[in-house]
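Beneath this line is the structure, given in structure tokens, with notes to follow.
A short reminder: the numbers here are calculations on the coordinates, not readings from a lab. Note that the structure is a prediction, hence the values are computed from the model and not measured. Every residue, glycine as well, gets a Cβ built from its backbone with ideal geometry; the counts of neighbours run over all protein chains shown.
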Amino acid sequence: MLVEDPATDDVISWNTDGSGFVVWQPAEFARDLLPTLFKHSNFSSFVRQLNTYGFRKVATSRWEFCNEMFRKGESELLCKIRRRKAWANKQQSGGATQVSPPTPRECVEEQRSSSTCSSSGFNSLVDENKRLKKENGVLKWELTSMKRKCRELLELVANYAQLEKEKDEDHSPKLFGVKLEIQGDRERDKEKKRKRAEISESASVLLSQACK
């Protein structure tokens, strides 16, 4: 039984003494749990159904309902819960059936349930909208960060390609095909190697960050 499921105690559960149950979060109850039991997600319709089967709303500050045959740990009483029959009075002349109108208290309860359900549904939509806006902001930040890293990576690739081109265009003097070691050339080679090492390291860092 739904009211006895510990997984949904924050939404619906027994009251303190087990003489009834409380719907703590009407919006979540209507959205997530009602469709699993009925072909709708209308909390007002659920309340009307409860009234039809003799349940009474017994608290003004929360949605707490009681029925003498619905008690915690006394499942044998459930078979005694009956749908209330409309009061009928067959007239002697035509035998027409007259159904008694709802009492003022029932009208007030129905109006209150409709109003609260609408308010809860609106608040739920507002909370969902805030959550989506927050997620959208995070995604925009991640997209901007990825674009920046891609630009930096492209710049590193371009710099590396330029160093390789300069390496291929090396016009240092050679003797019998062997490059002559000149002090200035040696320093330039060291500088190029250092730059290539820096580019390779920076590219590795950017790629590792992009894959996180």
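Given their separation in residues at 0.36 nm each and the Cα-Cα distance between them, Lys133 and Leu37 gain 31.4 nm when the chain is fully extended. For the peptides 42-49, 195-202, the ranking by mean Cβ contacts within 10 Å, running from highest to lowest, is 42-49, 195-202. For segment 33-48, putting each phi into the Karplus relation 6.51 cos²θ - 1.76 cosθ + 1.60 with θ = phi - 60° gives couplings of 9, 4, x, 7, 10, 10, 8, 7, 10, 9, 5, 4, 5, 4, 5, 4 Hz, in residue order, rounded to whole numbers and with x for Gly and Pro. Under a 5 Å amide H cut-off, with hydrogens placed 1.01 Å from N, Ser13 pairs with Val22, Trp24 among residues at least 5 apart or on other chains.
Remark: segment 1-48 projects, on average over all directions, an area of 3.4 nm² (convex hull of Cα atoms).
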